[in-house]
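Trainee: Pasting in a structure now, in C-alpha cells, and then I'll have a few things to ask.
The values are calculated or read from the model by the stated rules, or taken from the named source; none is laboratory data. Everything numeric in this text was worked out from a predicted model, so none of it was measured. Cβ placement follows ideal geometry from the backbone for every residue including glycine, while neighbour counts extend to all protein chains displayed.
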Amino acid sequence: MTARPLAVVGASAAGLAAAEALRRLGWRGPLTLIGDEPHLPYDRPPLSKQLLHGAWEPERLLLRSKDQLAALALDLRLGTRATGLDAATRTLTLDNGETLPCAGVIIATGVAARTLPGAEGLTGVHTLRTLDDALALRARLTGTGHRLVIVGNGVLGCEAAAVARELGHDVTLVGVEPIPMAAAVGTEIGELLAEEHRAHGVTLRTAAVAGFDTSGGAVTGVRLAEGEADAREREGTRLPADTVLLAIGSTPAVGWLGDDPALDTTDGLRCDAYCAAAPGIYAAGDVARWEHPVHGRPVRFEHRMNASEQGMAAARNLLAELAAEEGDQSAFADAFEGAPPERRPFAPVPYFWSDQYAVKLQAYGLTAGADRIETTVLDRAGRRAVALYGRDGHAVGVLAAGLPPRQVRGLRALIAAPVPWEEARERVRAATATG
Amino acid sequence: MKITLDADKCCAAGQCVLVAPEVFDQRDEDGIVVLLDAEPPAGQHDAVREAAAICPAAVIEVHE
Ligand SMILES: Cc1cc2nc3c(=O)[nH]c(=O)nc-3n(C[C@H](O)[C@H](O)[C@H](O)COP(=O)(O)OP(=O)(O)OC[C@H]3O[C@@H](n4cnc5c(N)ncnc54)[C@H](O)[C@@H]3O)c2cc1C
Ligand code: SF4
C-alpha cells in the first residue's frame, strides 16, 4: 500500500529546510511542498539589503538551484494556497479545490507585513516582505533624490533607511519609539545605531502616523498624529513624501487555519517543545510559537536562522512520531529508509543579525523582553559594542557590534544556557578584553 | 564529496564553523567563511551536510 504524502505548507526558508530534512532523514514517500508565491524558494534577508540596493538580482536569492530541488523529488505546488486544515484527519484543502489527506503536515507559512488603514491601493506606499514587494519598491526608487518616509524604526525600517541613504534618497525614519530598534536591542545599542543613521543623513522622528496626504491616488505625504508627536517636533506634523515604506511589523499567517479548536492560533501557531501543534501537525519558522525548553516559556522568533533550524527539528520530530504511531505501520515502513530519528525537544540558541551601512549586529539568545541590559561601548566612532541581556537574575542574551568572529562565537557559548548574571558579566568582560 | 562556496553571499553567521569546525573557518577581519577542506573525509560528511542545510545564506553547496 502506498503511504499518504507528507505535506509542508509554506515554500520558504523553514518549509524548504523541513522538506530537505525529511528526505535526508529517510522519507522516501510522497512529499508535497505548497507555497502561495509564484517563485521558487528564495531568501528574504537580502530583500532589504543587496536586492533593494540593486547589487543583486533575484536569481541570487534562490535558496536552492533547480537541480538541488529536483533531487528532492517534490510534488512542488507553487502559486498554490492552502485554505484549510482539518487537524484530526490531517487533511489540507487547497485553493484549487483539491483536498489532500496527509500522513503529516508541517506548517511554515511565516508572517505577513502589517499595513495601515488607507494605504491600500495608494501609489507610492509600500511594504517589504516578499520579492515582489522588494522589486516594486526598488522600481519606485529608481534614480536619486526621492523623498522616502519609512514608518517604523525596527530592524526592517532601519535596514531600508541605510540602503535608501546609500542610494542617495532623502530619508525620514518615523517611529513611535524614540530610539530605533530599542525594543529588540535596548536603548544604548539603539542610540549607537541612531548616531550612525544621523551621521549618514537620515532624519529621525518620534511620532505615530495618522494618515496619508494624497493627490490623484498617489501619496504626497505622511500625517503625524497630533499630540503624540514629540513636543519639540510638533510644528511639523506633515512629512512630504513621494514614497512611503510601512515597516510596522507583521502578523503570523494563521488565518487560513480557521478556528479548529485543536489548534491555538493566538500570536502564531502554538506548539509544544517538539514543535508539535497537534498529533501529526507541526510548525516551524516565523509562524511557530513553541515552548522553549531552556527558557521555559513560549517564544516565537522572526529570525532567518530559526527558520532553518526549526524546519529541520519539526521534520525530525514528525518522522519520529509517525514511526512510533499506532495503526498501519506497513505504509510508513515502506516509505521510510533507515532507522527512524529520535524525538528531541527543540532548544536552539536563537541568533539574528542585521546589516546597516558597515555595521553588523549579531545577537544570540533572547535580547527582547530583558529586565536588565548592560551595554559596553568599546569604540563609539567605530560602532563597536557588546551588550548583555538579563532576565530574572540570569543572562539570557548577548549582542555584538563590530567584533571579530572568534569573539562572537565565544559570546554565543556564554549564553547557550542561562548563566547567573554576575558570572556572565565577568565572562563578557574577559572575552572582549583580549584581542 | 566536494564542497563549493558562494562566499559573496555569506553573512558571517558562523553556523558552519559551529557544526563542522574542521571544514569551515571564518576570516578574522569580516567573518566571511573560509573553506579549510574542499574534499573532507567521510567522517565529516554528515556535519558538512548539516552545515549546508543550516547556513542562513545558502552559501555552501555540497556535490556528492
Ligand atoms: C526584508 C527582510 C529582511 C530580513 N532580514 C533578516 C536579517 O537580517 N536577519 C534575520 O535573522 N532575519 C531577517 N529576516 C527574517 C527572515 O527572513 C525570516 O525569519 C524568514 O524568512 C522566516 O522564514 P519562514 O519560512 O518561517 O517564513 P516566510 O519566509 O515568511 O515564508 C512563508 C511562506 O509561506 C507562504 N504562505 C503563507 N500562507 C500560505 C498558505 N496559506 N498557503 C501556501 N503558502 C503560504 C508565504 O507566502 C511565504 O512564501 C528578514 C525578513 C525580511 C522580510
Ligand atoms: S553559515 Fe553560511 S553565512 Fe554563516 S559563516 Fe558559514 S557560510 Fe557564511
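Trainee: Any residue at all in region A:305-314 that's away from chain B (no Cβ under 14 Å) and touching a strand residue (DSSP E or B) at 6+ places or on another chain (Cβ under 9 Å)?
Mentor: The answer is no, given that none of the residues of region A:305-314 is away from chain B (no Cβ under 14 Å) and touching a strand residue (DSSP E or B) at 6+ places or on another chain (Cβ under 9 Å).
Trainee: Can I ask one more? Please enumerate the residues belonging to region A:66-86 that are within 14 Å of chain B (Cβ to nearest Cβ) and crowded, with 16+ Cβ neighbours inside 10 Å. Full working, then the answer.
Mentor: Kept after step one, since they are within 14 Å of chain B (Cβ to nearest Cβ), are these residues of region A:66-86: A:66-69, A:71-72.
Once the filter is applied, which keeps residues that are within 14 Å of chain B (Cβ to nearest Cβ) and crowded, with 16+ Cβ neighbours inside 10 Å, region A:66-86 yields A:Gln68, A:Leu69, A:Leu72.
Trainee: Could you go through region A:322-329 and let me know if any residue there is surrounded by fewer than 19 Cβ atoms within 10 Å (Cβ to Cβ), in contact with a strand residue (DSSP E or B) (Cβ under 9 Å, 6 or more places away or on another chain) and farther than 30 Å from A:Gly186 by Cα.
Mentor: Yes, the conditions are met somewhere in region A:322-329.
Trainee: Does B:Ala58 satisfy being surrounded by 14 or more Cβ atoms within 10 Å (Cβ to Cβ), aliphatic (A, V, I, L, M) and either within 7 Å of ligand 2 (Cβ to nearest atom) or assigned to a helix (DSSP H, G or I) (or both)? Give the derivation first.
Mentor: Details: surrounded by 14 or more Cβ atoms within 10 Å (Cβ to Cβ): yes; aliphatic (A, V, I, L, M): yes; either within 7 Å of ligand 2 (Cβ to nearest atom) or assigned to a helix (DSSP H, G or I) (or both): no.
The answer is no for B:Ala58.
Trainee: Examine region B:31-47 for a residue that is more than 11 Å from every other protein chain (Cβ to nearest Cβ) and surrounded by 21 or more Cβ atoms within 10 Å (Cβ to Cβ), and state whether such a residue exists. Write out each step before concluding.
Mentor: Taking region B:31-47 as the starting set, the residues that turn out to be more than 11 Å from every other protein chain (Cβ to nearest Cβ) are B:35-45, B:47.
Going one step further and asking which of them are surrounded by 21 or more Cβ atoms within 10 Å (Cβ to Cβ), we end up with none.
Within region B:31-47, none of the residues are more than 11 Å from every other protein chain (Cβ to nearest Cβ) and surrounded by 21 or more Cβ atoms within 10 Å (Cβ to Cβ).
Trainee: Take the conditions buried (at least 21 other Cβ atoms within 10 Å of the Cβ), part of a strand (DSSP E or B) and within 14 Å of chain B (Cβ to nearest Cβ) and apply them to A:Val398. Does it pass?
Mentor: Values: buried (at least 21 other Cβ atoms within 10 Å of the Cβ): yes; part of a strand (DSSP E or B): yes; within 14 Å of chain B (Cβ to nearest Cβ): yes.
For A:Val398, the condition - buried (at least 21 other Cβ atoms within 10 Å of the Cβ), part of a strand (DSSP E or B) and within 14 Å of chain B (Cβ to nearest Cβ) - is met.
Trainee: Next question, about the same structure. Listed residues A:Leu62, A:Leu16; which is under 30 Å from A:Gly157 (Cβ atoms), within 16 Å of ligand 2 (Cβ to nearest atom) and surrounded by fewer than 20 Cβ atoms within 10 Å (Cβ to Cβ)?
Mentor: Just one listed residue meets the conditions, A:Leu62.
Trainee: Right, another one. Note down all Cβ pairs under 7 Å where the first residue falls in region A:305-330 and is more than 21 Å from A:Leu16 (Cβ to Cβ), the second is at pLDDT below 90 and part of a helix (DSSP H, G or I), and they're at least six residues apart or on different chains.
Mentor: Correct list of pairs: A:Ala323/A:Phe332.
Trainee: While we're on this one: Got a sec? Which strands (runs of 3 or more DSSP E) wholly within region A:297-368 have at least 3 residues that are in contact with a Phe, Trp or Tyr (Cβ under 7 Å, 6 or more places away or on another chain) and closer than 28 Å to A:Val419 by Cα? Walk me through how you get there before you give the answer.
Mentor: Details: elements: A:297-299, A:351-356, A:359-365.
Because the criterion is at least 3 residues that are in contact with a Phe, Trp or Tyr (Cβ under 7 Å, 6 or more places away or on another chain) and closer than 28 Å to A:Val419 by Cα, the strands (runs of 3 or more DSSP E) in region A:297-368 that meet it are A:359-365.
Trainee: If you take the residues of region A:279-321 that are farther than 28 Å from B:Cys16 by Cβ and small (Gly, Ala, Ser), which of them is surrounded by the fewest Cβ atoms within 10 Å (Cβ to Cβ)?
Mentor: My answer is A:Gly296.
Trainee: For region B:19-27, does any single residue satisfy the condition of being within 14 Å of chain A (Cβ to nearest Cβ), within 10 Å of ligand 2 (Cβ to nearest atom), under 11 Å from B:Val59 (Cα atoms) and in a loop (DSSP other than H, G, I, E, B)?
Mentor: Within region B:19-27, the subset within 14 Å of chain A (Cβ to nearest Cβ) is B:19-21, B:24-27.
The next check asks that each one be within 10 Å of ligand 2 (Cβ to nearest atom); those that pass are B:19-20, B:24-27.
Next, only the ones that are under 11 Å from B:Val59 (Cα atoms) stay: none.
No; the residues of region B:19-27 include none that is within 14 Å of chain A (Cβ to nearest Cβ), within 10 Å of ligand 2 (Cβ to nearest atom), under 11 Å from B:Val59 (Cα atoms) and in a loop (DSSP other than H, G, I, E, B).
Trainee: Here are some conditions: (1) surrounded by fewer than 15 Cβ atoms within 10 Å (Cβ to Cβ); (2) under 19 Å from the mean Cα position of the chain (by Cα). A:Leu40 meets all but one. Which one does it not meet?
Mentor: Of everything listed in (1) surrounded by fewer than 15 Cβ atoms within 10 Å (Cβ to Cβ); (2) under 19 Å from the mean Cα position of the chain (by Cα), A:Leu40 misses just condition (1).
Trainee: Name every residue in region B:3-25 that is surrounded by fewer than 18 Cβ atoms within 10 Å (Cβ to Cβ) and more than 24 Å from A:Pro350 (Cβ to Cβ), in order of residue number.
Mentor: The answer is B:Thr4, B:Asp6, B:Ala7, B:Asp8, B:Glu22.
Trainee: Please state which one of A:Leu85, A:Leu100, A:Leu92 is outside any loop (DSSP other than H, G, I, E, B), in contact with a helix residue (DSSP H, G or I) (Cβ under 8 Å, 6 or more places away or on another chain) and of a type in the set (A, V, I, L, M). It would help to see each step written out before you state the result.
Mentor: Details: A:Leu100 fails: in contact with a helix residue (DSSP H, G or I) (Cβ under 8 Å, 6 or more places away or on another chain); A:Leu92 fails: in contact with a helix residue (DSSP H, G or I) (Cβ under 8 Å, 6 or more places away or on another chain).
The unique qualifying residue is A:Leu85.
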